[in-house]
Structures are given as structure tokens and as C-alpha cells.
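Each value in this text was obtained by applying a stated rule to the coordinates, not by laboratory testing. Since the structure is predicted, the reported quantities are computational estimates derived from the model, not experimental observations. Here the Cβ positions follow ideal geometry from the backbone for every residue, glycine too, while neighbour counts run over all protein chains shown.
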Amino acid sequence: MTQYVTDGGLETDLIFHFDADLPEFAAFPLVEDEDGRALLTRYYDGYAAIAAQAGVGLLLEAPTWRANPDWAAKVGYDLAALDRVNRASVELMQGLREKYERELGLTEVKVGGLTGPRGDGYVAGEDADPDEAAEYHAHQARSQAAAGADLMTALTFTGAGEAIGFVRAVRDAGVPVAVGFTVETDGRLPDGTTLRDAIARVDAAAAPDYYVVNCAHPTHVAPGLASEDGSYGLWLSRIEGLRPNASRMSHAELDEAPELDEGDPADLAARSDDLRAHLPNLRVVGGCCGTDSRHVAALWGV
């Protein structure tokens with residue numbers, strides 16, 4: 001089973017370490033000009049180097065977490081412009097794949113399309129209707145599939161209904177699909193659902209290829225892995241990706257924090273290793289809010 005490095009907290013890293021201006025936390029407009037593409041290339045270069053050092057594969061996920069219709073409209077993109085930038089984002093990743101294969105000798109590089117929730121990734125709204133969610137996410141799924149994405153991943157989903165719709169949209173577009181849920185400090189999704197129940201509901205309706213847990217510190221994820229009696233079930237084999245936050249703060253605290261909490265990369269790695277014992281199929285590892293290449297290098301032990 002090939003293992004893959006993926007990137008860290010793209011938006012927080014670009015804002016706090018690269019001095020990027022990202023209205024609405026949207027990184028995808030950077031793809032539109034030469035300076036933005038150069039900035040993104042410098043960002044992804046760090047993760048390619050980690051994959052080369054670790055001797056594993058690289059999953060290049062496009063900077064398109066906000067490139068879905070409602071969020072894109074907030075930064076001035078209509079559907080035609082959104083189609084263009086989603087395709088261009090995947091094409092940029094494809095160009096980087098060629099660069100890293102040529103310069104670093106990487107042989108297992110996948111290009112992933114990426115999306116985020118229609119609403120706030122930190123706050124659960126009403127449970128989404130799967131049919132409406134499928135229609136909503138279909139636009140981005142079609143664009144990224146047409147550009148040649150090897151798979152599509154959703155990160156920071158807060159409920160099962162939207163996840164079901166997203167999977168249906170991506171399946172209709174004809175590419176593999178992964179669903180990323182976020183959890184609160186108690187290990188439950190922001191809507192209160194247990195991680196186990198959310199995965200069971202999605203699998204029963206529209207099973208993705210695998211699941212990711214992202215945007216939560218490992219100490220927040222841990223309570224969500226164990227059953228009430230403290231046991232661990234076979235369902236955990238469905239989780240193949242982990243992208244933790246650097247900070248131990250709750251989502252509400254992070255929303256109010258005036259500065260970036262970068263945590264401790266070594267401690268983050270140790271706490272993530274505690275999770276690995278219960279995730280037998282874990283193979284895609286990167287970071288989320290507050291993390292950068294230092295944290296992801298620690299997660300991979302390089």
C-alpha cells in the first residue's frame with residue numbers, strides 16, 4: 001500500500017509565513033497570475049522534498065478548498081470563471097508533478113482535486129439534503145475531473161448529508177473520491193454525530209474510496225476513534241488520511257485567536273503516532289490549520 005505525503009495548512013501558512021492576502025480564506029485566485037503560481041510552487045516544493053526524503057509518494061492537492069460556487073462568488077467568481085480556475089488549479093498541480101518527477105525522481109505522484117464545505121467548516125448548519133449537495137458540488141467535480149484530477153477530496157465537512165451528496169457528484173464525474181470530516185475536542189463532528197456513525201451513514205448511502213480526518217488536533221481526534229466501552233472497531237480501516245491541526249485550541253477558540261498557534265511539531269508527531277496504532281490503513285498524511293512543512297516533516301520522521 002503506497003503511502004503519500006500531502007501538504008499542510010495551505011491557507012494559514014500562506015497568510016502568516018508568505019504574507020499572502022487571501023480574502024475569504026480563498027487561495028485559488030493565486031493560480032490566476034504568474035506571481036501567485038510562483039508562490040504556490042514554493043509552497044508545494046517543501047512537501048515534495050519531504051516525500052523524497054521519506055521515500056514515499058506525494059499527493060498534490062489543488063489549492064481549491066474555497067473554489068465552490070457560494071464561496072467563490074464572495075470573491076467575484078461566476079460559474080464560468082470558477083470552471084476556468086478549477087481547471088487551471090489541477091493543471092498547475094500536473095505541471096508540478098512533472099517537475100518533481102524530473103528533479104527529485106519521485107515516481108508516485110498523484111494530483112488531487114480538493115473542495116471544502118458549502119458552509120463554514122467550523123460550524124455545523126442544518127443537515128444538508130444529499131441531492132442538493134450533489135447538485136451543488138457537481139460543478140467543481142466536473143471541472144476538476146475534466147482537467148484530469150486523479151481523485152477528489154473534500155476536507156472539513158461537518159455532516160454526513162453533504163458528504164453523501166459530494167460522493168455522488170464525484171462518482172458521476174468519474175473519478176475516485178475521499179471524504180474528510182472534522183471533529184470537535186470531543187471527537188464528534190460539529191453537528192454532534194460520532195465519527196463512527198457519520199462514516200456508517202455515508203457508507204450506506206454512497207461510499208467513498210476512503211475517509212480523512214482533518215482540521216483537529218490528534219488529542220481531539222482520539223476520543224472519536226474509541227467506542228463507549230473503550231474498544232476499537234473494524235470501521236477504523238475506512239480512515240486512510242489524517243491532516244491534523246497544529247493547535248490544541250477548539251474551533252471556536254481558533255476563530256477568535258489573534259495570532260497563529262503553531263503548536264509543537266514534535267508533540268504533534270507523537271500524538272499522531274498514538275492514532276496510527278488504531279488506523280491500520282493510514283497512508284495519506286499531511287497537516288491542516290497552523291501546520292507547515294516543519295510539522296509535516298515531523299509527522300513523517302524526516
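Here are the numbers:
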read-out: Inter-site label distance for ALA80 and ASP129 at 7 Å from Cα along Cβ, in nm; value: 2.9
read-out: Local electrostatic count, ASP127, Cβ distance below 12 Å [Lys/Arg +1, Asp/Glu -1]; value: -4
read-out: Extension gain, ALA222 back to ASP172 (0.36 nm per residue minus Cα-Cα distance, nm); value: 14.6 nm
read-out: Span from the segment 244-302 Cα centroid across to the segment 1-37 one, whole angstrom; value: 17
read-out: Size-normalised alpha-carbon gyration radius of segment 138-216, reference 2.2 N^0.38 Å; value: 1.07
read-out: Segment 208-302: translational diffusion in µm²/s, Stokes-Einstein, Kirkwood Rh over Cα pairs, 20 °C, 1.002 mPa s; value: 157
read-out: Kirkwood estimate for segment 125-281, i.e. one over the average of 1/r between Cα atoms, Å; value: 16.1
read-out: Neighbourhood net charge (10 Å Cβ-Cβ; Lys/Arg +1, Asp/Glu -1) for ARG66; value: -2
read-out: Overall form of the chain per C-alpha gyration tensor (a/c, 1.5; a/b vs b/c); value: rounded
read-out: Normalised contact order of the chain, rounded percent, pairs of Cα under 8 Å and 6 or more residues apart; value: 20
read-out: Total formal charge among the other residues, if their Cβ is under 13 angstrom from that of ASP78, Lys/Arg +1 and Asp/Glu -1; value: 0
read-out: Along principal axes, Cα extents of segment 65-179, largest first, whole Å; value: 47, 28, 26
read-out: Equivalent ellipsoid semi-axes, segment 115-157, via Cα gyration tensor eigenvalues times 5, rooted, Å; value: 21, 12, 7
read-out: Computed magnitude of the charge dipole of the chain (debye, nearest 20; Cβ of K, R +1, Cβ of D, E -1); value: 1040
read-out: Over segment 1-112, relative contact order from alpha-carbon pairs under 8 Å, at least 6 apart, %; value: 33
read-out: Normalised convex hull volume, segment 19-72, alpha-carbon set, Å³ per residue; value: 86
